[in-house]
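Data first, discussion second: the structure below is written as structure tokens.
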Amino acid sequence: MTVEQLQKMITEAKKENDVCILAHSYQTRAICEVADIVGDSFRLSVEAQKVKNRKIVMCGVHFMAETAKLLSPDKTVVIASDEAGCPMAEQFTPEQVLEFRKAHPDYAVVSYINTTAALKCVTDVCVTSSSAVEIVGRLENNNILFIPDKNLGAFVKSAYPEKNIVCWDGGCPVHGKMTAQDVLRIKQKYPEAKFLVHPECPPEVCENADYIGSTAGIIAYARKSDAQQFIIGTEISITEQLSCEMPEKQFFNLSKRLICSDMKITTLVDVYNAVCGTGGMEITFDADTAAKARHCIDEMIRLGG
Ligand code: 13P
Ligand code: SF4
């Protein structure tokens, strides 16, 4: 069977089973092609609310399927591959946060959306990489604990030097391993290129950027820009996606090491099985977790517009 034949089977099966496929932009191109909605974490969260289908199949990592279920509790939400998890989402425990809250009752707890539902239960408001700066700016409280990504936290902090933002030592193992050396090497090779970077990269990488933002922000910048060459400082799928969409422009990876193995676990066969109800894993929550975890996502959508 060819890739196209399998994609056709998925398209037919999703109609038969009343399924909407959501895919994060880091998924493979073959998966993005069969998805109904492709986007960054914030877009997927917002769209998950609007979807009319009876069932959602999430092609992404675990916290993304959890977010979709929290926002669509009456729908069946299935993650296409149950092994796909974001390692950053579990770097801290709810107990650690509760302990901090007890010792510092005057702090607001802000969590990156890349967290488990259990952590969201002890969070005041979630943020995504595209909404973090805006949402933190709208919080009345100037004392903030920001978890789990210290690099995204540092990026937010640089926008509000007047706020007291405390970050714990967490972060993305993929973006977090980029170095100033990587930037120097690629900039020497392509000195004219604009450098677009995800805020999960360390500050010494971000400080050399022409633009810092989410995957959707990076894509939008490249579309609008008159520049001809771009260095992309996020997961390597984005470079491929941009190259296919804008063949007249050139896109280079900051490093080939920027590959998220969890985002690449899902295959077209997994998607087919999840759509047909013969694979994937259904997401469920008890009522207490559903209510508490949903609150901080609702707050994100309210404050993020
Ligand atoms: P976005 O919020 O830009 O979609 O990023 C998600 C992610 O996991 C980045 O590593
Ligand atoms: Fe998690 Fe990093 Fe992979 Fe994004 S790229 S899903 S933050 S491990």
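Scanning the range 246-305 for residues that are charged (D, E, K, R) and either in a loop (DSSP other than H, G, I, E, B) or in contact with a helix residue (DSSP H, G or I) (Cβ under 6 Å, 6 or more places away or on another chain) (or both) turns up Glu248, Lys249, Lys256, Arg257, Asp286, Arg294.
Could you grab the pairs with beta carbons closer than 9 Å, sequence gap of 6+ or different chains, first residue in the range 171-196 and closer than 16 Å to Pro148 by Cα, second one at pLDDT below 95 and assigned to a helix (DSSP H, G or I)? Listed pairs, sorted by first residue: none to list. Checked against the criterion of being at pLDDT 95 or above and within 23 Å of Cys167 (Cα to Cα), the candidates Glu99, Glu33, Glu90 yield just one match: Glu99. Scanning the range 74-116 for residues that are closer than 23 Å to Val51 by Cα, away from ligand 2 (no atom under 16 Å from the Cβ) and not hydroxyl-bearing (Ser, Thr, Tyr) turns up Asp74, Lys75, Val77, Val78. For the range 38-58, taking the residues that are within 14 Å of ligand 2 (Cβ to nearest atom) and of a type in the set (A, V, I, L, M), the one that is farthest from Glu245 (Cα to Cα) is identified as Met58.
Any residue in the range 91-107 that is of a type outside the set (A, V, I, L, M) and either within 22 Å of Gly213 (Cα to Cα) or open to solvent by less than 10 Å² (accessible area, probe 1.4 Å) (or both)? Within the range 91-107, none of the residues are of a type outside the set (A, V, I, L, M) and either within 22 Å of Gly213 (Cα to Cα) or open to solvent by less than 10 Å² (accessible area, probe 1.4 Å) (or both).
Against the numbered list (1) part of a helix (DSSP H, G or I); (2) over 30 Å from Leu303 (Cβ atoms); (3) modelled with pLDDT of 95 or more; (4) open to solvent by 40 Å² or more (accessible area, probe 1.4 Å), Tyr221 comes up short only at (2). Among the residues of the range 43-61, those identified as open to solvent by 10 Å² or more (accessible area, probe 1.4 Å) and touching a helix residue (DSSP H, G or I) at 6+ places or on another chain (Cβ under 7 Å) are Arg43, Val46, Gln49. Scanning the range 20-37 for residues that are in a strand (DSSP E or B) and within 15 Å of ligand 2 (Cβ to nearest atom) turns up Leu22, Ala23, His24. A Cβ distance below 7 Å, combined with a sequence gap of six or more or placement on separate chains, defines the contacts here; from the range 282-299, residues that are over 17 Å from Ser131 (Cα atoms) reach residues that are open to solvent by less than 90 Å² (accessible area, probe 1.4 Å) and polar (S, T, N, Q) in the pairs Glu282/Thr76.
Within the range 148-170, can you find the residues that are crowded, with 16+ Cβ neighbours inside 10 Å and without any contact (Cβ under 8 Å) to a residue 12 or more places away in the chain? The one that is crowded, with 16+ Cβ neighbours inside 10 Å and without any contact (Cβ under 8 Å) to a residue 12 or more places away in the chain: Lys157. Filter the range 40-71 down to the residues that are more than 13 Å from Glu282 (Cα to Cα) and among the small types (Gly, Ala, Ser), then identify the one that is farthest from ligand 1 (Cβ to nearest atom). That would be Ala48.
The values are calculated or read from the model by the stated rules, or taken from the named source; none is laboratory data. Predicted model, so just to flag it, every value in this text is computed and none were measured. So basically every Cβ, Gly included, is an ideal-geometry build from the backbone, and we count neighbours across all protein chains shown. Areas reflect the complete protein model, heavy atoms only, side chains present, ligands, DNA and RNA absent. Shrake-Rupley method; radii C 1.70, N 1.55, O 1.52, S 1.80 Å.
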